[in-house]
Structures are given as structure tokens and as C-alpha cells.
Amino acid sequence: MVTSVELFIPLDEIDEVVTAGSRGKSVSTAADADDGSAPAEEDGAPVPQNSRLLREAEKTLGRASGSLGAIRVVRRSLDARKGRPIGYRLRCLVGATDADLIAEGPAPADAPRWPSGKPTPRVVIVGSGPAGLWAALRLSAAGVLPTILERGRAVQPRRADLARLTRGTLDPDSNYCFGEGGAGTFSDGKLYTRSKDRAAVAGVLRDLARFGAPPDVEIDARPHVGSNRLPKVLTNLRHHLAAVGVSYFFESEATGLRVDSGRVRAVLLRGGGEVEADVVILAVGHSARSVYEWALRAGVALERKAIAIGVRIEHPQPLIDEIQYGRAAGHPLLPPALYELAATGGGRGVYSFCMCPGGWIVPAATELDGVVVNGMSLSKRDSRFANAGLVAAIDASDFGPAAAGPLAGVEFQRAIERAAFAAGGGAFRAPGQRLADFMADRASATVADSSYRPGVTPARLSAVLPPPVAKALREGLAQIGARMSRFLHPDATLIGVETRTSAPVRLLRDPGTLMSPSCEGLYPAGEGAGYAGGIVSAAIDGARIADQIIARG
């Protein structure tokens, strides 16, 4: 008989680091697939040895010593709440033998299949981010082999373009937003999601582990891959899809649709040519402004969507560790500390976004005259800096009058990004300001050392941000400082601007069929269409659309 048990292991009682990737039968994760993909590197949160966990489980359940012979950790989270011992909370399955736990594992879901004897549709997926890739994964498993069009480059040549961007040279088609895997590839690889569909979440995490992510992503409360590992995962996924017959075309930008009698017939390409299609999944990212423009011209139904805008805030990581861990800061078994903050200012919500412990601030611009910043971290999170977006909520009405149209949010973002480019002095240097100077609304003569490359130029951010946003951030930071005084540290720096938190547009779709009401066969998907926010939720949305396409077969 298999039983679930909740355990708490204080940090000072953990005597050996064992990871999901190396623990074998000692402490296993959910099912690992062996498909020849590259093995994950072995790191992760520490847990005690198997024997220690078994004894703790027996004690918690009131069982006799030695009565349990097998244990599997299925959920793990760090508990560092103030006033409590720091340690790891584990949810485990226990049984008499390993065979008991194997029998208890989830049965693999039956993959949907395209109806036998019916011709498969020509499916074109625009975008190779999570929504597009998981749509392709689900479709190909059903026997439908799509074509993937990606405006940017594959992950390896994309790396060289990112290196040039840190030196001030942008390729508008291959950067932190455009290229294989989308914006998430080189911007941290966080897998935390607020999705309530736990089975779908588990499925995406299982896929990621199958293609090379650390097995720990299946059990961690806040799973994280890291920008150094995601390229390997994407390469393995591409090889798998190509092996089953999915076609990839990089450096192939979609510039429109050919529509006949209200139904999509082809995707038009930059430079001429087209790819014929019965079904098009528009799985672009939140920065696909050219797609929004041609979709609007083509009569595709879309609307404004609320976003959030602000800056990146950067601190020394040891300071954040001290704030969050107290006297335990620096313990070798503790990861770099993170935080989640929320306040109000100027009648708006103000909150931290995409916090990157041990991370870097990176240039996320896609246009030659605009500066955009984002955050990322590698798997080990070993930078000496911590950064997070600090943003204020922006309602769609803030974009201007209705007459400005559904793309007014794009122009709202663009104006701020151009102001940041001017304030930074060009070459994608970002405007920055010491936190204390921002709070006092005075210019900074210098800024603290920063992880951001191409570099930071001292500037007054209130002259870059819209006045309501600057006011909201200032008031929100004051509230945060009242609760966490050391957060308002002399070495803290604000770096602008963070404008691409989500898409300022939603491409409408029928809630049942998930198809655009404007064009038969067109399926808006993922973050760029306004239906997801992050790697996992975008992947889930792409898979849902694939299931709808198969169901309509």
C-alpha cells in the first residue's frame, strides 16, 4: 500500500546533498523517459539521504522502524518564513517496495490520434516558442505533421547575435525575443505558473525533463532550468520533432495570410512566396509587433490588453540573502534568495515581476531605436546580483482614446522605449538611477556596478517613464521600504525600461473552438495572442489548441 506523507527537514539536519538527477532509487521523481535525449546536469535543492527520509516518514506515520522500504519525493519547497526554522517541506509517497511506488505512478495519458483514413490537414505554426512547440509536439504525436516558421535563428547562431547585442549591435530578427524557443530561451527559464490545470502543468514539466531539463523540475515548487540549459532542451526537442516529420524553417518571417472566402489558405513570407495551409496556429511572442500590424490590416479581430510597465531593480545578491534568510544567509545548502513584493501607488498595483536571484539584466530590445530590459539567470544562479522587474499596472484605457485603435498599447510601449534609448545615449546603453535618488527625484551622478551590458548611463527615470508610472513606483517603493527597510539600500539601482511584461494586444478567439472569429482555420495561441504568461502556460495553451484541431478532425 502506498501512502502520502508530508515531511519537514530543517536545514541544519540535512547532512548530504542528493539531487533528483543523481539519486536513482533513493529518492526518485515522476516517470523519466529514455528517448536518447541528453542527460540533465545534476544540481538542485538538497535533500537528506533515502534512509533518513524513510525513518522520518515512519515516525510521522506512526509506523514501526524498518516497515517502509521505498520513498519518492513528489513535491519539494523551501520554507524560509520569518520566525520559523528554515528547511525543506517535502511531499512524499512511501511503500514497502520500489515496485509499490512504480505501480502507483500516473498512467501515461492516451495521445489523441487523427481519425484513421481521413487526410491530415496542412498545419503551419508561426513561431517556435513554447505555444508553437507544444502544439507541434501534440499534433505530431497524433499523426499530424506541421510546418514551423520562425523569423529568428536557431539557438546556436542566436547566441552569437546576443553576444553582439551586449556590445551594442542589434539584429531585429534574432535577439532576446526572436529566435528558436522565443523570449523564454535566454531569459531565465522559470517554469513557475499560476495555471490551475495541474495535470497539464505536470505534462509540460515531464516533457521538459524528457528533453534534457533537470529532473528536479518535476518536483520543485518553483522549478527553474536556466538560460544555459534551455538551448539544449530546445535542440533535443527540435531533433525529436524533425525525426518524426515536422518541418522547421528558420529566418522565415510571416508577413500576412492569404484568405479565401473567409478561410485561411496560406501564410505569406517576407521576400515573397507562401506556405499553403489549411490551419494556421499564430503562436508568436509578446513582441511580435509586425504580426499585430498585418493581422489588423487583414481584418483579424483583436483588442487592447492591460499590461504593466516599469524598470528592473538590482541589488547585491548577498543583501537579498540577508534580508530573506537572516542569520542563515550564506549557508552552503541555501539557494540565492528570491522575493515577491506587492504594493500600491498612485491608485495602481505595483509589484515585482520575474525575479532573478543570482542573475543578470539583459537587453531585450527588438527595434533599433528603443531600449528594453529583462532579467535572466543561469542554472546555478551564481551572479553576484539579484534583479527583478518592478512594474506598475497599466490599464488599456491608459493607451489613449479608443480612436487610437487596438494597437495603441504598442505605441505606448514604443514611446517609452525610445525615451529610454535617448536617455541611455545610444548603443543600447540603459538609463539607470540609484534608488535613493529616484525616491528623491534627483539625478544620479553615478550608478552602482551593474550586471547589465552594454552598460548603464546615469539618468533621471522620471523623465523617461510616464508620470503616473513614476509616481506609482515611488509610492510603491515607499510602502515596500516600510516593511523591508534594507530593500531601499544605497547600492540598489533602477534600470529602465521594462515594457514587455506581456502583450498589449489580445487576438480574439472563440472560447469553445479556440479559433479566430474572423478567419476560419486561424488559431491565436500563447503569450503573443494574450492567452498565456510564461513558458509553461504558453506550452499548455499550444497543446490545448492542438487538441482542438485534432478533435475537429
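The values are calculated or read from the model by the stated rules, or taken from the named source; none is laboratory data. Computed from a prediction, not measured in an experiment: that's the story for all the values here. Here the Cβ is made from the backbone with ideal geometry for all residues, glycine too, and neighbour counts use every protein chain on show. With ligands, DNA and RNA removed, areas are computed over all heavy atoms of the protein, side chains included. Shrake-Rupley method; radii C 1.70, N 1.55, O 1.52, S 1.80 Å.
What the table below lists for this structure:
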{"read-out": "Boolean, residue 188 is closer than 30 Å to residue 426 by Cα and open to solvent by less than 10 Å² (accessible area, probe 1.4 Å)", "value": "yes"}
{"read-out": "Strands (runs of 3 or more DSSP E) enclosed by region 323-383 - at least 1 residues per element that are polar (S, T, N, Q)", "value": "342-345, 348-356, 373-376"}
{"read-out": "Residue, farthest from residue 86 (Cα to Cα), within region 306-332, restricted to residues that are in contact with a helix residue (DSSP H, G or I) (Cβ under 6 Å, 6 or more places away or on another chain) and surrounded by fewer than 22 Cβ atoms within 10 Å (Cβ to Cβ)", "value": "306"}
{"read-out": "Residue in region 301-309 that is in a loop (DSSP other than H, G, I, E, B), touching a residue at least 12 places away in the same chain (Cβ under 8 Å), within 30 Å of residue 451 (Cα to Cα) and in contact with a Cys (Cβ under 9 Å, 6 or more places away or on another chain) present", "value": "no"}
{"read-out": "Qualifying residue in region 534-553 (condition: of a type in the set (Ser, Thr, Tyr), within 25 Å of the chain's Cα centre (by Cα) and in a loop (DSSP other than H, G, I, E, B))", "value": "no"}
{"read-out": "Residue count for region 242-261, restricted to those that are in contact (Cβ under 8 Å) with a residue 24 or more places away in the chain, open to solvent by 30 Å² or more (accessible area, probe 1.4 Å) and in a strand (DSSP E or B)", "value": "5"}
{"read-out": "Verdict on residue 143 being open to solvent by less than 10 Å² (accessible area, probe 1.4 Å), touching a Lys or Arg at 6+ places or on another chain (Cβ under 7 Å), modelled with pLDDT of 95 or more and not in a helix (DSSP H, G or I)", "value": "no"}
{"read-out": "Residue 393 being assigned to a strand (DSSP E or B) and either free of Cβ contacts under 8 Å to residues at least 40 places away in the same chain or open to solvent by 20 Å² or more (accessible area, probe 1.4 Å) (or both)", "value": "yes"}
{"read-out": "Per-region count, region 200-241, residues open to solvent by 10 Å² or more (accessible area, probe 1.4 Å) and small (Gly, Ala, Ser)", "value": "5"}
{"read-out": "Selection status of residue 267, under 22 Å from the mean Cα position of the chain (by Cα) and of a type in the set (Val, Ile, Thr)", "value": "no"}
{"read-out": "Residues being surrounded by 11 or more Cβ atoms within 10 Å (Cβ to Cβ) and assigned to a loop (DSSP other than H, G, I, E, B) - total across region 78-131", "value": "18"}
{"read-out": "Restricting region 513-553 to residues that are touching a residue at least 40 places away in the same chain (Cβ under 8 Å), within 25 Å of residue 297 (Cα to Cα) and of a type in the set (A, V, I, L, M, F, W, C), the residue that is surrounded by the most Cβ atoms within 10 Å (Cβ to Cβ)", "value": "529"}
{"read-out": "Condition check for residue 174: surrounded by fewer than 24 Cβ atoms within 10 Å (Cβ to Cβ), of a type outside the set (A, V, I, L, M) and touching a helix residue (DSSP H, G or I) at 6+ places or on another chain (Cβ under 6 Å)", "value": "no"}
{"read-out": "Enumeration of residues in region 468-512 that are open to solvent by 50 Å² or more (accessible area, probe 1.4 Å) and acidic (Asp, Glu)", "value": "475, 491, 510"}
{"read-out": "Breaking point among (1) of a type in the set (S, T, N, Q); (2) surrounded by 22 or more Cβ atoms within 10 Å (Cβ to Cβ); (3) part of a strand (DSSP E or B), for residue 287", "value": "(3)"}
